[in-house]
Amino acid sequence: MRPVHIVGGGLAGTEAAWQAARRGIPAVLYEMRPAKPTPAHRTGRLAELVCSNSLKSESPSTAPWLLKQELRRLDSLLMRAAAQARVPGGHALTVDRDAFTDEIARAIAGEPLIEVRREEVTCIPAAGIVVIASGPLTSPALADEIARLTGARRLYFYDAISPIVDAETVDTSVAFWASRYGKSTEGSADYLNCPLDRPQYERFVDALLEGQAAPAHIEEDATPYFEACLPIEELARRGRDTLRFGPMKPVGLADPRSGRRPYAVVQLRQENLRAQSFNLVGFQNHMKFGEQARILRMIPGLERAEFLRFGQIHRNTYIDAPSLLTPELEMRARPGVFFAGQISGVEGYVEAIATGLMAGMHAARRAAGAAPRPLPRATALGSLCHYISGADPAHYQPANITFDLLPPLDEATRQRLRRDKAARHAEICRRAIEAMDEYLCT
């Protein structure tokens, strides 16, 4: 039987290898470390945790909890290792890094169907089943090969991620719907606009200039200033009016309360596949998360905003997945080649594990001569893949798991639970777990 070749021994790659092997498919797992290090890794261990030792919330009925529950139902090796290596961390699943990687290494070494090769992959085989899980710090040679395979314009090297807010927490008595000069798609206004007068704008700029920067994890992140994706705080440093001529330009807009153009404006865009949430257009930044919450809540209409994701700029090799991948994480133009982990366009440890698990199980089916079987859309896993493969390529940004990626509740249920967000989230989780259990039974 043909083996599955898996490029990258991180969280996604080790999970993919395990999932292939437990389905009876041989897996060859390639990892270039320690012979060739990366700027962020400190060891040659498989599944090394580079930044935090937290795998996010274990509080019931949260989106990260739901994703982990689904992974456990699919017998995730890394979820099992996390349980063995768990240390106290409040409501989060936190692990002892060494114990975690030791547990995974023992499992991989003890699985006769997995062969680990410590070598750099620079050429993707022209035939066979391959999972590319080389991570955000993919080597230059492999990045060139991926660019050849996918098209150079579909490979990105830096994340410029804008914050996302819960739509229900935006004050629409202040923010107004409008498109510049009245231009819109399909007859409706495309943006929700938060207007600022001059004193509000000046205070906002002052806060940006005083905001605390996020620590750099690798040297390339220490000065993340790229002309195509400048952080808003860097724009503010270039002159007090720079933002007003950039992402906060008010031209072509009129505040319906006054009939006049605001001094500055922050535009919120509702993305098609992120239900009930808004992206702050052009607001990528490199500030600490707590600072972002404090400063961005100075924007009129966002005083009580709940952030589903904070802005970031950092080194991250990833593909334009919506243009390239199916919901099974397989290349449309090259069946048999799958992508997993951060290179597929996800953010976070558990999301990397999740895509590794799904790529591994789908690749195993391909190797066995069967078609991949997608996860239900109602699940967190299925919704993550739905976003990766179906987002608007023009606005694609890597994503963590949040409830706005899952299908919204039907209107009757939403109305019944409209005053109880916790109950709504619990119902989304109940529906997802039910869909997963049905999937496992068929």
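The values are calculated or read from the model by the stated rules, or taken from the named source; none is laboratory data. Quantities reported herein were computed from a predicted structural model and do not represent experimental measurements. All Cβ positions, even for glycine, are placed from backbone atoms using ideal geometry, and neighbour counts span all protein chains on display.
Considering only the stretch 29-44, I want to know if a residue exists there that is crowded, with 16+ Cβ neighbours inside 10 Å, farther than 23 Å from GLY382 by Cα, polar (S, T, N, Q) and touching a Leu at 6+ places or on another chain (Cβ under 7 Å). Yes, because at least one residue in the stretch 29-44 is crowded, with 16+ Cβ neighbours inside 10 Å, farther than 23 Å from GLY382 by Cα, polar (S, T, N, Q) and touching a Leu at 6+ places or on another chain (Cβ under 7 Å). Scanning the stretch 376-390 for residues that are surrounded by 23 or more Cβ atoms within 10 Å (Cβ to Cβ) and touching an Asp or Glu at 6+ places or on another chain (Cβ under 8 Å) yields THR379, ALA380, LEU381, LEU384, CYS385.
Within the stretch 131-153, the set of residues being out of contact with any His (no Cβ under 9 Å at 6 or more places or on another chain), part of a loop (DSSP other than H, G, I, E, B) and on the phi < 0 side of the Ramachandran plot comprises ALA133, SER134, THR138, SER139. Among residues of the stretch 341-359 that are at negative phi and surrounded by fewer than 24 Cβ atoms within 10 Å (Cβ to Cβ), those with a Cβ under 8 angstrom from a residue that is small (Gly, Ala, Ser) and assigned to a strand (DSSP E or B), sequence gap 6+ or separate chain, pair up as GLU347/ALA399. One residue stands out in the stretch 156-179 among those that are β-branched (Val, Ile, Thr) and in a loop (DSSP other than H, G, I, E, B): the one that is farthest from LEU308 (Cα to Cα), namely VAL174.
For the stretch 80-89, does any single residue satisfy the condition of being touching a residue at least 12 places away in the same chain (Cβ under 8 Å), over 23 Å from the mean Cα position of the chain (by Cα) and within 28 Å of ALA378 (Cβ to Cβ)? Within the stretch 80-89, none of the residues are touching a residue at least 12 places away in the same chain (Cβ under 8 Å), over 23 Å from the mean Cα position of the chain (by Cα) and within 28 Å of ALA378 (Cβ to Cβ). Within the stretch 405-427, identify whether any single residue is over 28 Å from GLU48 (Cβ atoms), buried (at least 22 other Cβ atoms within 10 Å of the Cβ) and either in contact with a strand residue (DSSP E or B) (Cβ under 8 Å, 6 or more places away or on another chain) or touching a residue at least 24 places away in the same chain (Cβ under 8 Å) (or both), and answer yes or no. Looking for residues that are over 28 Å from GLU48 (Cβ atoms), buried (at least 22 other Cβ atoms within 10 Å of the Cβ) and either in contact with a strand residue (DSSP E or B) (Cβ under 8 Å, 6 or more places away or on another chain) or touching a residue at least 24 places away in the same chain (Cβ under 8 Å) (or both), one finds at least one in the stretch 405-427, hence yes. The set of residues from the stretch 254-281 being part of a loop (DSSP other than H, G, I, E, B) and buried (at least 21 other Cβ atoms within 10 Å of the Cβ) comprises PRO262, ARG274.
For the stretch 294-325, the tally of residues that are within 19 Å of the chain's Cα centre (by Cα) and of a type outside the set (Asp, Glu) stands at 18. Restricting the stretch 187-202 to residues that are within 29 Å of the chain's Cα centre (by Cα) and assigned to a loop (DSSP other than H, G, I, E, B), the residue that is modelled with the lowest pLDDT is ALA189. The set of residues in the stretch 90-131 being basic (Lys, Arg) and free of Cβ contacts under 8 Å to residues at least 24 places away in the same chain consists of ARG106 alone.
The set of residues in the stretch 293-308 being surrounded by fewer than 23 Cβ atoms within 10 Å (Cβ to Cβ) and within 15 Å of ASN400 (Cβ to Cβ) consists of GLU306, PHE307.
Rundown of residues vs (1) among the aliphatic types (A, V, I, L, M); (2) touching a Phe, Trp or Tyr at 6+ places or on another chain (Cβ under 6 Å), yes/no style:
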{"position": "GLN19", "(1), (2)": "no, no"}
{"position": "ILE25", "(1), (2)": "yes, no"}
{"position": "LYS68", "(1), (2)": "no, no"}
{"position": "ALA82", "(1), (2)": "yes, no"}
{"position": "LEU93", "(1), (2)": "yes, no"}
{"position": "ASP98", "(1), (2)": "no, no"}
{"position": "THR101", "(1), (2)": "no, no"}
{"position": "ARG117", "(1), (2)": "no, yes"}
{"position": "ILE124", "(1), (2)": "yes, no"}
